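The values are calculated or read from the model by the stated rules, or taken from the named source; none is laboratory data. If you're wondering where the values come from, they're calculated on a predicted model, not measured in any experiment. Positions of Cβ are generated from backbone atoms using ideal geometry, with glycine treated the same way; all protein chains shown enter the neighbour counts. Ligands, DNA and RNA are excluded from the accessible area calculation, which covers all protein heavy atoms including side chains. Shrake-Rupley method; radii C 1.70, N 1.55, O 1.52, S 1.80 Å.
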Amino acid sequence: MSTFAFETVFIVDDDPAARESMAALIESHGLRSETYESAEDFLGRFDRDKSGCLVIDVRMGGMSGVELQERLCADGIDLPAILITGYGDIPTAVRAMRNGAMTFLEKASGHQKLWDSISQVLASEASTREQRLQRNEIRRRLTRLTSDEHRVLAKLLEGLPNKMIARDLDLGLRTVELRRALILQKMQASSLAELVRMVVSATDRPHLSPAHSN
């Protein structure tokens, strides 16, 4: 079974033979495929809850492959795309990559290069999706902190020790220690270092200055 057995490769090509050939290749590697005869057909039937990647022919009747990719970006559909191009379409494909497409292949590239590209795109997307889920979970935990805890957290992110936090926030040292412990508990962090890594990765905060000893 493929590593990406739960992903779907969406093939959009107005050439029936090309669609059938690519679908057979993909399914021979244990992946699911769905085929569409046009960009309009894809937009009309695509289920946004499904994940995977797109394989799109650049030149099609009606909406082009590049126009489809740009439409998906505009609609907030985060689906990585591989564009299949003819020789004269390469400048167009480069433009599409600047707009978010993952890669492009010339039509004569062959099945192995196509499969290699699909595997790479799906692996990259899986990693990105996992990172996105982790960031969202950390942000959810941050919402559980009280305003008082957020004030202490901000000082922790500045690298201040408990005594300086107590002075800056006009709190007792024990109060700061208790709030720090609650922050670690709510954020499910085993240490201050882990807490900092979590918050920085999820909120793009600047790194701490060198930590002081408490």
Out of the residues in segment 143-189 that are open to solvent by less than 70 Å² (accessible area, probe 1.4 Å) and not in a helix (DSSP H, G or I), state the one that is farthest from Ala202 (Cα to Cα). Gly172
In segment 21-40, anything under 29 Å from Ser127 (Cα atoms) and open to solvent by 30 Å² or more (accessible area, probe 1.4 Å) is listed as Ser21, Ala24, Glu27, Ser28, His29, Gly30, Arg32, Glu34, Thr35
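This table checks each residue for (1) closer than 20 Å to Gln112 by Cβ; (2) in contact (Cβ under 8 Å) with a residue 24 or more places away in the chain; (3) aromatic (Phe, Trp, Tyr).
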position: Glu34; (1), (2), (3): no, yes, no
position: Glu37; (1), (2), (3): no, yes, no
position: Glu40; (1), (2), (3): no, no, no
position: Arg45; (1), (2), (3): no, no, no
position: Arg48; (1), (2), (3): no, yes, no
position: Ser51; (1), (2), (3): no, yes, no
position: Leu54; (1), (2), (3): yes, yes, no
position: Met63; (1), (2), (3): no, yes, no
position: Asp75; (1), (2), (3): no, no, no
Yes or no: segment 86-102 includes at least one residue that is part of a helix (DSSP H, G or I) and modelled with pLDDT of 85 or more. no
Counting just the residues of segment 65-85 that are touching a strand residue (DSSP E or B) at 6+ places or on another chain (Cβ under 9 Å) and not in a helix (DSSP H, G or I), which one comes out nearest to Leu122 (Cα to Cα)? Pro80
Restricted to segment 117-142 and to residues being surrounded by 17 or more Cβ atoms within 10 Å (Cβ to Cβ) and among the β-branched types (Val, Ile, Thr), the residue farthest from Ala189 (Cα to Cα) is Ile118
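Results for (1) open to solvent by 70 Å² or more (accessible area, probe 1.4 Å); (2) of a type outside the set (Val, Ile, Thr), shown as yes or no for each residue.
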| position | (1), (2) |
| --- | --- |
| Asp47 | no, yes |
| Arg59 | yes, yes |
| Gly65 | no, yes |
| Leu68 | no, yes |
| Arg71 | yes, yes |
| Ala74 | yes, yes |
| Asp78 | yes, yes |
| Ile82 | no, no |
Can you confirm whether Leu114 is open to solvent by less than 50 Å² (accessible area, probe 1.4 Å) and either within 30 Å of Phe10 (Cβ to Cβ) or free of Cβ contacts under 8 Å to residues at least 12 places away in the same chain (or both)? yes
